[in-house]
Amino acid sequence: DLAVDPLWVFAEPYNRLILDRRGFINPIPDVPGLAPMDNMAAYVDRKLYIHNLGHATTAYLGYRAHPERTTIYEVMADAAVTDGARCAMTESLHILNRLYPNDLTVDDLIRHREDLLARFANRALGDTVFRVGRDLRRKLAKEDRLVGAMILGARHGLPFGAIARAYVAGLGFRARDEHGELGPGDRTFIDDILPRGPEAVLTEVSGLSRLDATESAVMDAVLAAHKELET
């Protein structure tokens, strides 16, 4: 372990590298683990709306339930936190399947979801709740993991209530680093924007507008989740 040799490097056994098949001029080399794909956009969105969304959700729900716990594996020891992340990821995977039915099947996405949840809970990684959830202004932005997925869900008439609850949990995120400091920019978010309420966050941080029917539906879902969780 690190007490024996602090230069040891730890890595996951995951060794699959997705890449753009169309980016090759010459034949693709026969290298174990390479996974050439024709539609890279589908896999970029899978990374954002399954992996990144699920990871942030574990941090936000985990901190809400257990603010005293430091690592992701510790908060995921609570089945309710893991189930909440699974629900949000499930909503998102159905949205992605609607967008990319020929590239991302439901069965494949479910397997991917379960693999990610197992990886998030890996004690050996020691990933912190702080690292995964910090930088709220970026992670709650319109084009990022939570709001982006909700917009797609609203646009296609698919449910996204669990993602909305993850967003609301993010509003209460106050995890600190080993020095007792909040993440970069989070102090301004907490002190200057959050006190004006969730609708201010939705408009100023997430960039949503009541003039757009889809964005208004997302705002309504988040405000309903906020009322549900905070009362």
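When +1 charges are put on Lys and Arg Cβ atoms and -1 charges on Asp and Glu Cβ atoms, the dipole computed for the chain relative to its Cα centre reaches about 300 debye.
Of the trypsin sites (Lys or Arg not before Pro) found in the stretch 7-91, those in coil by DSSP whose Cβ has at most 12 other Cβ atoms within 10 Å are R16. Binning all Cα-Cα separations of the stretch 108-222 at 10 Å, short to long from zero, yields these whole-percent fractions: 13, 39, 32, 14, 1.
What the Cα convex hull of the stretch 1-160 gives, in volume per residue, is 150 Å³. Within the stretch 1-89, the proportion of Cα pairs with more than 21 Å between them is 56 percent.
Taking chymotrypsin sites (Phe, Trp or Tyr not before Pro) in DSSP loop conformation with at most 14 other Cβ atoms inside 10 Å as exposed sites, the chain has its longest uninterrupted site-free stretch at 25-231. Across L53, L202, L34, mean-square fluctuation computed from a Gaussian network of the chain (C-alpha pairs under 10 Å connected) peaks at L34. Taking 0.36 nm per residue of sequence separation and removing the Cα-Cα distance, the L158/E178 pair yields an extension gain of 3.2 nm. For the stretch 85-175, the gyration tensor built on C-alpha atoms gives an oblate shape. Its axis ratio a/c (a ≥ b ≥ c) is at least 1.5, and a/b is not larger than b/c.
Candidates V222, A175, G33 compared by Cα position along the dipole of the chain: farthest toward the positive end lies V222, with charges placed on Cβ. Placing R0 at 22 angstrom, the Cβ-Cβ distance between T188 and R123 gives a FRET efficiency of 0.05 after rounding to 0.05. Computed over the stretch 180-231, the quotient of the alpha carbon radius of gyration and 2.2 N^0.38 Å is 1.27. Measuring nothing but how far apart in sequence close Cα pairs (under 8 Å, 6+ apart) lie, relative to its length, the chain scores a relative contact order of 20 percent.
By a 1.4 Å probe calculation restricted to protein chains, M76 has an accessible surface near 20 Å², given to the nearest 10. For the chain, leaving out every one of the GluC sites (Glu not before Pro) that falls in a DSSP loop and has at most 11 other Cβ atoms within 10 Å, the longest unbroken run is 69-142.
The values are calculated or read from the model by the stated rules, or taken from the named source; none is laboratory data. Remember, predicted model here, so these are calculated numbers, not experimental data. Glycine also receives a Cβ, built like all others from the backbone with ideal geometry; neighbour counts cover every protein chain displayed. With ligands, DNA and RNA removed, areas are computed over all heavy atoms of the protein, side chains included. Shrake-Rupley method; radii C 1.70, N 1.55, O 1.52, S 1.80 Å.
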